[in-house]
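Notes follow once the structure below has been shown.
The values are calculated or read from the model by the stated rules, or taken from the named source; none is laboratory data. This is a predicted model, so every value here is computed, not measured. Because the Cβ atoms are built from the backbone with ideal geometry, glycine has one as well, and the counts that use them run over all protein chains shown.
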Amino acid sequence: MNILAAGLHLLHVLLPALALSALLAPAMVRWRRGPGRPQGARWKSLLWGWLLLSVLGGVVMLAGLWWHGRDGLLSTYAALVLVLGTAVAIRRSL
């Protein structure tokens, strides 16, 4: 396997985590308005939320790949939804 094929395979392993993170990131951000809050702070917090969820989801996907020895198993996807949903719920409760 050459470097391009390996990179594409890694991207395809991480793609479900990136997509679910993009869907859940707006739920993680508190959209507050205030006189002292700059306009760009909303998008910055959205980006940080997406980044945090992406890293967390990537760890789950790579752990599932390591545990099962192959990717694309339903238990890995269930763990991804459980972990990212729990992270969003914890963030919303703070």
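Looking at this structure, is G57 modelled with pLDDT of 95 or more and within 29 Å of S93 (Cβ to Cβ)?
Values: modelled with pLDDT of 95 or more: yes; within 29 Å of S93 (Cβ to Cβ): yes.
Yes; evaluated as a whole, the condition is true for this residue.
Could you list, in sequence order, all residues of the range 51-78 that are under 11 Å from A17 (Cβ atoms) and surrounded by 16 or more Cβ atoms within 10 Å (Cβ to Cβ)?
L53, S54, L56, G57, G58, V60, M61, L62, G64, T76, Y77, listed by residue number.
For residues in the range 60-94 being part of a loop (DSSP other than H, G, I, E, B) and hydrophobic (A, V, I, L, M, F, W, C), which is modelled with the highest pLDDT?
If we filter the range 60-94 for residues that are part of a loop (DSSP other than H, G, I, E, B), which is where we start, we get 69-73, 94.
The next check asks that each one be hydrophobic (A, V, I, L, M, F, W, C); those that pass are 73, 94.
Values: L73: 90, L94: 81.
If we take residues in the range 60-94 being part of a loop (DSSP other than H, G, I, E, B) and hydrophobic (A, V, I, L, M, F, W, C), then L73 is modelled with the highest pLDDT.
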